[in-house]
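Enquirer: Have a look at this one before I ask anything.
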Amino acid sequence: MSKKDKKQTKKNHDLQEELSNIKNKSTGFISEFKTFIARGNVMDLAVGVIIGGAFSNIVTSLTNNILMPIVGVVVGGFNFTELALTIKVWGREVVLNYGTFIQNTVDFLLTALCIFIIIKLINRLFNKKEEEKEEVKEVVKSDEVVLLEEIRDLLKKQK
């Protein structure tokens with residue numbers, strides 16, 4: 001085998017080895033990605049995003065269709081989304097819809113308030129359950145525990 005053939009064979013071998021490494025890396029990446037997606041946290045996050053989107057629609061409807069008309073009546077039949085400012089810049093008219101901004105701010109605040117209330121209720125529910133469990137634990141004592149407590153109390157009196 002000539003020197004040139006040996007160099008070509010080595011290049012071919014190196015190229016095959018490099019392709020094999022790339023294949024292994026991509027397979028490793030794909031398997032890592034599959035593992036990442038299959039984790040419960042990612043699925044929980046996906047469910048949370050979907051439910052959050054649906055919840056956002058509910059709060060937007062509550063704001064637009066129930067609360068804002070009431071606010072409009074309170075402030076004299078006023079509709080925030082119609083608030084706009086038209087200014088002329090370099091011969092063109094530019095419309096600033098600041099009423100829509102106010103509406104979106106109210107939507108955000110109501111969404112945050114609803115989430116706060118829901119989390120507060122959930123925390124209260126879980127705290128009650130934990131308190132009930134603690135009460136049950138305190139009430140039910142085994143005979144050995146009662147005996148040991150009596151011995152402890154007697155030892156304290158002797159000191």
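Bear in mind that the values in this text are calculations on the coordinates, not laboratory data. Predicted model only: the values in this text are computed from it and were never measured. FYI the Cβ positions are ideal-geometry reconstructions off the backbone, even for glycines, and counts take in every protein chain you see.
Enquirer: I'd like to compare 88-96, 66-74: which one has the highest average count of other Cβ atoms within 10 Å, and what's the full order after that?
Expert: Sorting 88-96, 66-74 by mean packing, highest first, produces 66-74, 88-96.
Enquirer: Based on DSSP H assignment, which helices of the chain show an axial Cα extent of at least 20 Å together with a mean Kyte-Doolittle hydropathy greater than or equal to 0.5?
Expert: 40-62
Enquirer: Quick one: length gained pulling Val140 to Leu109 fully straight, 0.36 nm per residue minus the C-alpha distance?
Expert: 6.5 nm
Enquirer: Compare Leu62, Leu110, Leu85 in a GNM of the chain, Cα atoms joined below 10 Å, and give the one with the largest fluctuation.
Expert: Greatest mean-square fluctuation among the candidates belongs to Leu85.
Enquirer: Further, regarding this structure: If you take the square roots of the eigenvalues of the alpha-carbon gyration tensor of the chain and sort them as a ≥ b ≥ c, do you get rounded (a/c under 1.5), prolate (a/b over b/c) or oblate?
Expert: oblate
Enquirer: Follow-up question, since we're still on this one. If you rank Thr35, Thr81 by fewest surrounding Cβ atoms within 10 Å, what's the result?
Expert: Thr35, Thr81
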